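Report on the following structure.
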Amino acid sequence: MAAGLKTVILLSFVLAVGFLLIILSCALWQNWLPLLVALTFVLAPLPNAIFSHCGHDDFSEYEHSGPIDLGRFITSVVVITGFAFPIVLAHAAVITGGACVMSIVGGGLVYGTIVAYSAAFTQDESEFD
Amino acid sequence: MSLPRADYDPRRVCLNPFPEFTLGKHRRTAGVYIAGALFALANWVFLDAAILSAHMKPIWGDEVPVHVTFVDWVPGICSFIGFLIVNIIDKDRIRGDEGFGDSRAVWRARLFLFIGFAFMAGGLAGSICILVLKYVLGDYPEQFSYYGYANVTQNVAMMLAGVFLWIAQNTSGEYEYNLTL
């Protein structure tokens with residue numbers, strides 16, 4: 001469990017760096033549209049979290065489960081949206097290229113933190129089984 | 001023809017060859033994720049063209065010669081409707097297995113599947129129509145044909161997303177017996 005503490009500290013540090021990059025990408029150019037990227041990436045794991053509880057019986061674990069697929073589909077759509085949104089804004093010259101790159105990297109860090117945290121958490125949980 | 005006897009049903013005219021894929025343990029998950037990514041990419045490529053058109057500033061003339069209008073949205077909407085129809089249908093109905101209701105339900109499911117594919121193909125054809133008629137044949141500068149290409153890309157990617165979702169949902173599960181198709 002000592003490694004767990006280090007992991008948590010490291011992940012929170014990465015999360016802070018990610019948010020820092022996103023906020024810098026907004027504040028340096030006084031254009032706060034890239035802040036939507038942070039919102040998108042924070043919302044990205046939500047569909048999986050909601051739909052993973054649907055149709056999760058002991059029996060239907062290997063069956064075709066529509067709601068879980070729907071959750072994965074929406075998650076994937078939201079993640080790609082988070083990456084595509086700054087590119088589209090930069091292409092339309094609403095934000096600059098620097099803001100685009102910074103918000104994408106920051107958003108990737110935030111989402112990576114969330115994914116890594118949930119992965120570590122579920123791994124810890126399954127050790128007790 | 002030396003087809004094994006159990007592999008086809010002589011009463012059926014159209015055989016739907018459902019391919020059997022074994023891509024490892026997470027093939028279904030990966031397929032669904034790829035489908036979602038393709039779907040989002042499709043729509044963002046088109047939205048990119050639309051936003052670019054909305055923010056286009058006149059450089060050389062008085063006004064921008066062409067904009068993305070509602071006509072450009074129609075093929076994408078058709079593709080989206082087709083995508084929804086194709087993926088909402090229960091795949092077991094189309095196979096027409098015994099014990100899945102009457103045969104009329106199977107017939108209706110296939111009809112709706114046909115309508116869905118027709119919508120998707122119609123969206124693709126419509127996007128190519130708009131590319132050719134509006135942007136290639138129109139006397140616009142070279143950069144505006146990007147709108148048309150983005151439209152075609154959107155519809156192709158949405159079709160690919162449908163294909164990936166279809167394949168992902170039809171891979172046989174681990175503890176599932178092999179269905180005779």
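The values are calculated or read from the model by the stated rules, or taken from the named source; none is laboratory data. This is a predicted model, so every value here is computed, not measured. Glycine also receives a Cβ, built like all others from the backbone with ideal geometry; neighbour counts cover every protein chain displayed. Just so you know, the surface numbers come from the protein's heavy atoms only, side chains and all, with ligands and any DNA or RNA stripped out. Shrake-Rupley method; radii C 1.70, N 1.55, O 1.52, S 1.80 Å.
To the nearest 100 Å², how much accessible surface do chains A and B cover up together, summed over both, with a 1.4 Å probe?
1900
Calculate the spin-label point distance for B:ALA30 paired with A:ALA116, positioning each point 7 Å from the Cα along the beta-carbon direction, and give it in nanometres.
Reported label-point gap for A:ALA116 and B:ALA30 is 2.4 nm.
Can you pull the accessible area of A:THR75 for me, 1.4 Å probe, Å² to the nearest 10?
0
Roughly speaking, what is the stretch gain from A:VAL105 to A:TRP29, that is 0.36 nm per residue apart minus the C-alpha to C-alpha distance, in nm to one decimal? If you can, show how the numbers build up before the last one.
On the way: separation 76, 0.36 × 76 = 27.36 nm, distance 1.67 nm.
Here the answer is 25.7 nm.
Say R0 is 35 Å: what FRET efficiency, to the nearest 0.05, do A:VAL17 and B:ILE81 get from their beta-carbon distance? List each step's numbers first, then the result.
On the way: r = 43 Å, r/R0 = 1.22.
E(calc), rounded to 0.05, equals 0.25.
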